[in-house]
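To keep things clear, I will list the structure first and then write my remarks on it.
The values are calculated or read from the model by the stated rules, or taken from the named source; none is laboratory data. This is a predicted model, so every value here is computed, not measured. Note: ideal-geometry Cβ built from the backbone for every residue, glycine included; neighbour counts use all protein chains shown.
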Amino acid sequence: MTGFSFLDVGYTYRALQAEMDTAYRAVMDSGFYVGGAALDRFEADFAAWCGVRHCIALGNGLEALILPLRARGIGPGDEVIVPANTFIATWLAVAQTGARIVPVDADPATMNIDLDGVARAITARTKAIIPVHLYGAPVASAGLRDLAQAHGLFVLEDAAQAHGGMDGDRKVGALGHAAAFSFYPGKNLGAFGDGGALVTDDDTLADTVRMLGNYGARVKYHHDLPGGNSRLDPLQAAFLSVKLKHLDTWTARRRAIAAVYDQALAGLPDLRLPQVAAGTAPVWHLYVIRHPRRDALQSALAALGVPTALHYPVPNHHSGAFRADYGHLSLPVTEDICATCLSLPIGPHLSVADTEEIAARIGLALRAL
(Lines give C-alpha, C1' and ligand atoms only; values in the text may rest on other atoms or scores of the structure.)
Protein backbone atom coordinates (compact mmCIF):
# COMPACT_ATOMS: atom_id res chain seq x y z
CA MET A 1 0.00 0.00 0.00
CA THR A 2 1.42 3.38 -1.02
CA GLY A 3 2.52 5.57 1.84
CA PHE A 4 2.35 9.34 2.14
CA SER A 5 4.53 12.01 3.73
CA PHE A 6 3.18 14.00 6.65
CA LEU A 7 5.42 16.94 5.73
CA ASP A 8 7.84 17.55 2.86
CA VAL A 9 9.89 20.68 3.49
CA GLY A 10 11.99 19.96 0.40
CA TYR A 11 8.93 20.26 -1.85
CA THR A 12 9.17 24.04 -2.04
CA TYR A 13 12.77 23.92 -3.23
CA ARG A 14 12.04 21.29 -5.85
CA ALA A 15 8.99 23.22 -7.06
CA LEU A 16 10.87 26.53 -7.27
CA GLN A 17 14.43 25.37 -7.86
CA ALA A 18 15.26 27.76 -10.70
CA GLU A 19 13.97 30.79 -8.77
CA MET A 20 15.68 29.69 -5.57
CA ASP A 21 19.02 29.13 -7.30
CA THR A 22 18.80 32.56 -8.93
CA ALA A 23 18.08 34.14 -5.53
CA TYR A 24 21.02 32.26 -4.00
CA ARG A 25 23.45 33.43 -6.65
CA ALA A 26 22.27 37.04 -6.37
CA VAL A 27 22.97 37.11 -2.62
CA MET A 28 26.29 35.32 -2.92
CA ASP A 29 27.42 37.66 -5.68
CA SER A 30 26.31 40.74 -3.72
CA GLY A 31 28.91 40.36 -0.99
CA PHE A 32 26.30 41.27 1.66
CA TYR A 33 25.73 38.35 4.04
CA VAL A 34 24.25 40.34 6.93
CA GLY A 35 21.75 43.02 5.98
CA GLY A 36 21.69 44.38 2.47
CA ALA A 37 19.20 44.71 -0.35
CA ALA A 38 17.74 41.19 -0.14
CA LEU A 39 16.77 41.69 3.48
CA ASP A 40 15.37 45.18 2.87
CA ARG A 41 13.29 43.87 -0.02
CA PHE A 42 11.79 41.02 2.00
CA GLU A 43 10.94 43.27 4.94
CA ALA A 44 9.15 45.71 2.65
CA ASP A 45 7.32 42.96 0.74
CA PHE A 46 6.20 41.07 3.85
CA ALA A 47 4.99 44.23 5.60
CA ALA A 48 2.94 45.16 2.54
CA TRP A 49 1.57 41.63 2.25
CA CYS A 50 0.44 41.72 5.89
CA GLY A 51 -1.06 45.19 5.45
CA VAL A 52 1.19 47.00 7.96
CA ARG A 53 3.97 49.60 7.74
CA HIS A 54 6.85 47.79 9.40
CA CYS A 55 8.51 44.37 9.28
CA ILE A 56 11.62 43.69 11.36
CA ALA A 57 13.14 40.39 10.28
CA LEU A 58 14.66 38.51 13.22
CA GLY A 59 16.60 35.37 14.05
CA ASN A 60 13.59 33.19 14.92
CA GLY A 61 9.97 33.22 15.96
CA LEU A 62 10.68 33.03 19.70
CA GLU A 63 12.72 36.24 19.58
CA ALA A 64 9.92 37.83 17.56
CA LEU A 65 7.75 37.29 20.66
CA ILE A 66 10.33 38.26 23.28
CA LEU A 67 11.59 41.51 21.77
CA PRO A 68 8.27 43.37 21.48
CA LEU A 69 7.46 42.45 25.09
CA ARG A 70 10.82 43.88 26.13
CA ALA A 71 10.27 46.92 23.94
CA ARG A 72 7.05 47.62 25.81
CA GLY A 73 8.86 47.44 29.13
CA ILE A 74 7.03 44.30 30.29
CA GLY A 75 8.85 42.50 33.09
CA PRO A 76 8.73 41.40 36.74
CA GLY A 77 5.52 42.35 38.49
CA ASP A 78 3.53 42.38 35.24
CA GLU A 79 1.12 39.74 33.96
CA VAL A 80 0.67 38.52 30.40
CA ILE A 81 -2.35 36.49 29.34
CA VAL A 82 -1.56 33.52 27.06
CA PRO A 83 -3.44 30.48 25.80
CA ALA A 84 -3.01 27.29 27.76
CA ASN A 85 -3.21 25.36 24.48
CA THR A 86 -0.22 26.49 22.44
CA PHE A 87 3.33 25.57 21.55
CA ILE A 88 5.57 26.25 24.54
CA ALA A 89 7.34 29.17 22.80
CA THR A 90 4.44 31.46 23.70
CA TRP A 91 4.98 30.74 27.40
CA LEU A 92 8.77 30.86 27.12
CA ALA A 93 8.64 34.35 25.65
CA VAL A 94 6.78 35.68 28.68
CA ALA A 95 9.04 33.77 31.06
CA GLN A 96 12.11 35.38 29.44
CA THR A 97 10.84 38.83 30.43
CA GLY A 98 10.28 37.86 34.07
CA ALA A 99 6.57 38.63 33.83
CA ARG A 100 3.96 36.26 35.22
CA ILE A 101 2.28 33.91 32.75
CA VAL A 102 -1.52 33.88 33.08
CA PRO A 103 -2.84 30.90 31.09
CA VAL A 104 -6.43 30.85 29.83
CA ASP A 105 -8.08 27.59 28.81
CA ALA A 106 -9.10 26.81 25.25
CA ASP A 107 -12.45 27.24 23.57
CA PRO A 108 -13.62 23.61 23.17
CA ALA A 109 -14.81 24.28 19.62
CA THR A 110 -11.92 26.20 18.04
CA MET A 111 -9.13 25.03 20.41
CA ASN A 112 -7.92 28.64 20.44
CA ILE A 113 -7.96 30.86 23.54
CA ASP A 114 -11.38 31.30 25.15
CA LEU A 115 -12.31 34.98 24.91
CA ASP A 116 -14.60 34.91 27.95
CA GLY A 117 -11.71 33.44 29.92
CA VAL A 118 -9.47 36.30 28.77
CA ALA A 119 -11.93 38.84 30.16
CA ARG A 120 -12.01 37.04 33.52
CA ALA A 121 -8.22 36.84 33.70
CA ILE A 122 -7.53 40.58 33.44
CA THR A 123 -6.23 42.19 36.63
CA ALA A 124 -4.60 45.49 37.55
CA ARG A 125 -1.23 43.86 36.78
CA THR A 126 -2.16 42.71 33.26
CA LYS A 127 -0.06 44.42 30.62
CA ALA A 128 -0.52 42.28 27.49
CA ILE A 129 -2.50 39.54 25.77
CA ILE A 130 -0.88 37.11 23.35
CA PRO A 131 -3.58 35.47 21.21
CA VAL A 132 -2.19 32.51 19.26
CA HIS A 133 -3.65 31.72 15.85
CA LEU A 134 -3.10 28.04 16.53
CA TYR A 135 -2.85 25.53 13.68
CA GLY A 136 -3.31 28.46 11.27
CA ALA A 137 -6.82 29.34 12.50
CA PRO A 138 -7.18 33.03 13.44
CA VAL A 139 -8.57 34.06 16.79
CA ALA A 140 -11.66 36.26 16.40
CA SER A 141 -10.03 39.59 17.15
CA ALA A 142 -12.80 42.19 17.52
CA GLY A 143 -13.56 41.22 21.11
CA LEU A 144 -9.87 41.18 22.00
CA ARG A 145 -9.37 44.64 20.57
CA ASP A 146 -12.30 45.94 22.60
CA LEU A 147 -10.92 44.38 25.80
CA ALA A 148 -7.44 45.73 25.10
CA GLN A 149 -8.73 49.22 24.48
CA ALA A 150 -10.88 49.19 27.61
CA HIS A 151 -7.97 48.11 29.82
CA GLY A 152 -5.02 49.70 28.03
CA LEU A 153 -3.43 46.37 27.09
CA PHE A 154 -0.87 45.48 24.45
CA VAL A 155 -2.08 42.80 21.98
CA LEU A 156 0.77 40.77 20.48
CA GLU A 157 -0.42 38.19 17.98
CA ASP A 158 1.49 34.91 17.93
CA ALA A 159 1.12 34.33 14.20
CA ALA A 160 3.83 31.69 13.89
CA GLN A 161 1.44 29.23 12.20
CA ALA A 162 -0.95 31.59 10.44
CA HIS A 163 0.74 33.46 7.56
CA GLY A 164 -2.14 34.83 5.47
CA GLY A 165 -5.02 33.95 7.79
CA MET A 166 -7.93 36.36 7.77
CA ASP A 167 -10.39 37.76 10.28
CA GLY A 168 -13.02 39.50 8.20
CA ASP A 169 -11.15 41.71 5.75
CA ARG A 170 -8.01 42.01 7.92
CA LYS A 171 -5.00 39.78 7.65
CA VAL A 172 -3.26 38.13 10.57
CA GLY A 173 -0.46 40.51 11.47
CA ALA A 174 -2.78 43.51 11.36
CA LEU A 175 -5.27 42.36 14.02
CA GLY A 176 -3.47 43.62 17.14
CA HIS A 177 -0.73 46.09 17.98
CA ALA A 178 1.97 43.81 16.61
CA ALA A 179 2.45 40.23 15.43
CA ALA A 180 5.25 37.70 15.69
CA PHE A 181 5.89 35.29 12.82
CA SER A 182 8.12 32.25 12.54
CA PHE A 183 9.80 31.16 9.32
CA TYR A 184 10.91 27.76 10.65
CA PRO A 185 11.16 25.41 7.63
CA GLY A 186 7.92 23.56 8.39
CA LYS A 187 5.79 26.74 8.48
CA ASN A 188 3.48 27.72 5.63
CA LEU A 189 6.07 30.37 4.77
CA GLY A 190 9.26 28.65 5.83
CA ALA A 191 12.93 29.43 5.29
CA PHE A 192 15.69 26.86 4.82
CA GLY A 193 16.78 27.46 8.41
CA ASP A 194 15.50 29.46 11.34
CA GLY A 195 13.95 32.89 11.00
CA GLY A 196 11.22 35.14 12.29
CA ALA A 197 9.75 38.62 12.04
CA LEU A 198 7.82 41.23 13.98
CA VAL A 199 5.26 43.26 12.04
CA THR A 200 3.49 46.38 13.30
CA ASP A 201 2.08 49.79 12.47
CA ASP A 202 3.64 51.24 15.63
CA ASP A 203 6.64 53.35 14.59
CA THR A 204 8.16 53.49 18.08
CA LEU A 205 7.77 49.77 18.70
CA ALA A 206 9.32 48.95 15.31
CA ASP A 207 12.30 51.20 16.00
CA THR A 208 12.88 49.74 19.47
CA VAL A 209 12.59 46.11 18.33
CA ARG A 210 15.01 46.75 15.49
CA MET A 211 17.49 48.24 17.97
CA LEU A 212 17.06 45.37 20.44
CA GLY A 213 17.88 42.89 17.67
CA ASN A 214 20.92 44.90 16.59
CA TYR A 215 22.95 45.22 19.79
CA GLY A 216 20.76 48.12 20.93
CA ALA A 217 22.00 50.37 18.14
CA ARG A 218 20.53 52.39 15.30
CA VAL A 219 23.98 53.49 14.22
CA LYS A 220 27.04 51.26 14.41
CA TYR A 221 28.92 51.57 17.71
CA HIS A 222 26.21 53.81 19.23
CA HIS A 223 24.45 51.42 21.61
CA ASP A 224 21.49 53.12 23.24
CA LEU A 225 19.79 50.00 24.63
CA PRO A 226 21.05 46.74 26.18
CA GLY A 227 20.16 44.77 23.06
CA GLY A 228 21.24 41.49 21.55
CA ASN A 229 21.76 39.94 18.16
CA SER A 230 18.66 38.70 16.34
CA ARG A 231 18.84 39.20 12.59
CA LEU A 232 17.51 37.24 9.65
CA ASP A 233 20.34 36.67 7.22
CA PRO A 234 19.84 37.94 3.66
CA LEU A 235 20.11 34.50 2.07
CA GLN A 236 17.06 33.31 3.99
CA ALA A 237 15.33 36.61 3.23
CA ALA A 238 15.92 36.07 -0.49
CA PHE A 239 14.46 32.57 -0.33
CA LEU A 240 11.45 33.86 1.60
CA SER A 241 10.86 36.58 -1.02
CA VAL A 242 10.65 33.88 -3.67
CA LYS A 243 8.26 31.78 -1.60
CA LEU A 244 6.06 34.74 -0.68
CA LYS A 245 5.04 35.13 -4.33
CA HIS A 246 3.68 31.57 -4.28
CA LEU A 247 2.22 31.46 -0.79
CA ASP A 248 -1.37 32.28 -1.77
CA THR A 249 -1.34 29.38 -4.25
CA TRP A 250 -0.03 27.00 -1.59
CA THR A 251 -2.64 28.24 0.87
CA ALA A 252 -5.36 27.49 -1.68
CA ARG A 253 -4.04 23.91 -1.89
CA ARG A 254 -4.15 23.59 1.90
CA ARG A 255 -7.73 24.84 1.92
CA ALA A 256 -8.69 22.35 -0.78
CA ILE A 257 -7.17 19.52 1.27
CA ALA A 258 -9.01 20.67 4.40
CA ALA A 259 -12.26 20.75 2.43
CA VAL A 260 -11.74 17.11 1.40
CA TYR A 261 -11.18 16.12 5.03
CA ASP A 262 -14.19 18.15 6.18
CA GLN A 263 -16.49 16.36 3.75
CA ALA A 264 -15.05 12.86 3.82
CA LEU A 265 -14.64 12.59 7.61
CA ALA A 266 -17.86 14.26 8.70
CA GLY A 267 -20.06 12.05 10.85
CA LEU A 268 -17.51 9.34 11.58
CA PRO A 269 -18.06 7.98 15.10
CA ASP A 270 -16.18 9.64 17.98
CA LEU A 271 -14.20 11.80 15.57
CA ARG A 272 -14.10 15.57 16.19
CA LEU A 273 -13.11 17.74 13.26
CA PRO A 274 -11.54 21.19 13.63
CA GLN A 275 -13.85 24.20 13.79
CA VAL A 276 -12.95 27.80 13.08
CA ALA A 277 -14.31 31.04 14.53
CA ALA A 278 -17.09 32.68 12.56
CA GLY A 279 -15.85 35.25 10.08
CA THR A 280 -12.29 33.90 9.98
CA ALA A 281 -10.42 32.16 7.17
CA PRO A 282 -7.71 29.72 8.31
CA VAL A 283 -4.61 28.79 6.34
CA TRP A 284 -4.51 25.22 7.69
CA HIS A 285 -0.94 24.99 8.88
CA LEU A 286 -2.24 21.88 10.62
CA TYR A 287 -5.45 19.89 10.34
CA VAL A 288 -6.03 18.61 13.86
CA ILE A 289 -8.69 16.02 14.62
CA ARG A 290 -9.59 14.64 18.04
CA HIS A 291 -10.44 11.08 19.03
CA PRO A 292 -10.76 9.44 22.47
CA ARG A 293 -8.57 6.54 21.31
CA ARG A 294 -5.98 8.76 19.67
CA ASP A 295 -2.99 6.48 20.18
CA ALA A 296 -4.78 3.44 18.77
CA LEU A 297 -5.95 5.47 15.79
CA GLN A 298 -2.46 6.75 15.15
CA SER A 299 -1.06 3.21 15.17
CA ALA A 300 -3.79 1.96 12.87
CA LEU A 301 -3.14 4.78 10.42
CA ALA A 302 0.60 4.14 10.44
CA ALA A 303 -0.10 0.52 9.47
CA LEU A 304 -2.13 1.84 6.52
CA GLY A 305 0.66 4.15 5.32
CA VAL A 306 -0.81 7.36 6.75
CA PRO A 307 1.70 9.26 8.91
CA THR A 308 0.35 11.57 11.60
CA ALA A 309 1.84 13.83 14.28
CA LEU A 310 0.99 15.12 17.75
CA HIS A 311 0.74 18.91 18.25
CA TYR A 312 1.04 19.17 21.27
CA PRO A 313 0.66 16.14 23.55
CA VAL A 314 2.04 17.65 26.79
CA PRO A 315 0.13 20.62 28.26
CA ASN A 316 2.53 23.46 29.02
CA HIS A 317 1.50 23.57 32.67
CA HIS A 318 2.48 19.89 32.98
CA SER A 319 5.86 20.34 31.26
CA GLY A 320 9.07 20.20 33.24
CA ALA A 321 9.70 23.86 32.46
CA PHE A 322 6.50 25.09 34.12
CA ARG A 323 5.11 22.26 36.27
CA ALA A 324 6.49 23.65 39.55
CA ASP A 325 4.67 26.97 39.19
CA TYR A 326 1.62 26.04 37.14
CA GLY A 327 1.11 22.29 37.52
CA HIS A 328 -1.63 22.83 40.11
CA LEU A 329 -3.87 24.61 37.60
CA SER A 330 -6.99 22.93 36.26
CA LEU A 331 -7.22 23.58 32.51
CA PRO A 332 -9.53 20.74 31.47
CA VAL A 333 -10.19 21.69 27.85
CA THR A 334 -6.50 22.02 27.08
CA GLU A 335 -5.73 18.77 28.88
CA ASP A 336 -8.39 16.97 26.85
CA ILE A 337 -7.10 18.42 23.58
CA CYS A 338 -3.55 17.31 24.38
CA ALA A 339 -4.78 13.77 25.14
CA THR A 340 -6.93 13.40 22.03
CA CYS A 341 -5.40 15.56 19.26
CA LEU A 342 -3.97 14.08 16.07
CA SER A 343 -2.60 16.05 13.12
CA LEU A 344 -3.32 14.70 9.64
CA PRO A 345 -1.06 15.19 6.61
CA ILE A 346 -1.59 18.55 4.92
CA GLY A 347 0.52 20.76 2.68
CA PRO A 348 1.16 21.65 -0.95
CA HIS A 349 3.11 18.42 -1.44
CA LEU A 350 -0.22 16.55 -1.38
CA SER A 351 -2.80 16.53 -4.15
CA VAL A 352 -6.56 16.43 -3.71
CA ALA A 353 -6.46 12.82 -4.95
CA ASP A 354 -3.85 11.97 -2.30
CA THR A 355 -6.09 13.50 0.34
CA GLU A 356 -9.13 11.55 -0.81
CA GLU A 357 -7.13 8.32 -0.45
CA ILE A 358 -5.86 9.35 2.99
CA ALA A 359 -9.43 10.12 4.09
CA ALA A 360 -10.57 6.72 2.85
CA ARG A 361 -7.87 5.01 4.91
CA ILE A 362 -8.87 7.03 7.98
CA GLY A 363 -12.37 5.64 7.56
CA LEU A 364 -10.97 2.11 7.36
CA ALA A 365 -8.86 2.64 10.48
CA LEU A 366 -11.78 4.01 12.47
CA ARG A 367 -14.04 1.13 11.52
CA ALA A 368 -11.35 -1.33 12.62
CA LEU A 369 -10.85 0.19 16.08
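The residue that is nearest to L331 (Cα to Cα), among those in the stretch 55-71 that are in contact with a helix residue (DSSP H, G or I) (Cβ under 7 Å, 6 or more places away or on another chain) and not in a helix (DSSP H, G or I), is L58.
Could you please let me know if A37 is crowded, with 21+ Cβ neighbours inside 10 Å, at pLDDT 95 or above and out of contact with any Cys (no Cβ under 9 Å at 6 or more places or on another chain)?
Details: crowded, with 21+ Cβ neighbours inside 10 Å: no; at pLDDT 95 or above: yes; out of contact with any Cys (no Cβ under 9 Å at 6 or more places or on another chain): yes.
Answer is no for this residue.
Set side by side, the residues D207, D224, D248, D233 differ, and just one is surrounded by fewer than 20 Cβ atoms within 10 Å (Cβ to Cβ) and either in contact with a helix residue (DSSP H, G or I) (Cβ under 6 Å, 6 or more places away or on another chain) or touching a residue at least 40 places away in the same chain (Cβ under 8 Å) (or both), which is D248. For the residues L235, L175, the requirement of being farther than 14 Å from V139 by Cα, at pLDDT 95 or above and not β-branched (V, I, T) singles out L235. Within the stretch 40-53, the presence of a residue that is assigned by TED's automatic domain parsing to the domain that holds D167 and over 30 Å from N214 (Cα atoms) is excluded.
Looking only at the stretch 291-340, residues that are closer than 27 Å to V94 by Cβ and of a type outside the set (D, E) come to 29 in all. Once the stretch 314-368 is narrowed to residues that are of a type in the set (V, I, T) and surrounded by fewer than 19 Cβ atoms within 10 Å (Cβ to Cβ), the residue that is farthest from the chain's Cα centre (by Cα) is V352.
Taken together, the residues in the stretch 282-310 that are surrounded by 18 or more Cβ atoms within 10 Å (Cβ to Cβ) and within 17 Å of the chain's Cα centre (by Cα) amount to 7. Residue under question is P76, and the condition is that it be at pLDDT 95 or above and within 18 Å of the chain's Cα centre (by Cα); does it hold? No: the conditions fail for P76.
Every listed requirement among (1) over 19 Å from T97 (Cα atoms); (2) hydrophobic (A, V, I, L, M, F, W, C); (3) buried (at least 21 other Cβ atoms within 10 Å of the Cβ) is met by A150 save one, (3).
The residue pairs whose first member lies in the stretch 338-361 and is more than 22 Å from A15 (Cβ to Cβ) and assigned by TED's automatic domain parsing to the domain that holds P274, whose second member is of a type in the set (S, T, N, Q) and modelled with pLDDT of 95 or more, and whose beta carbons are closer than 8 Å, counting only pairs six or more residues apart or on different chains, are C338/N85; L342/Q298; L342/T308; S343/T308. If the condition is being surrounded by fewer than 24 Cβ atoms within 10 Å (Cβ to Cβ) and not basic (K, R), then the stretch 165-187 contributes M166, D167, G168, D169, A174, H177, Y184, P185, G186.
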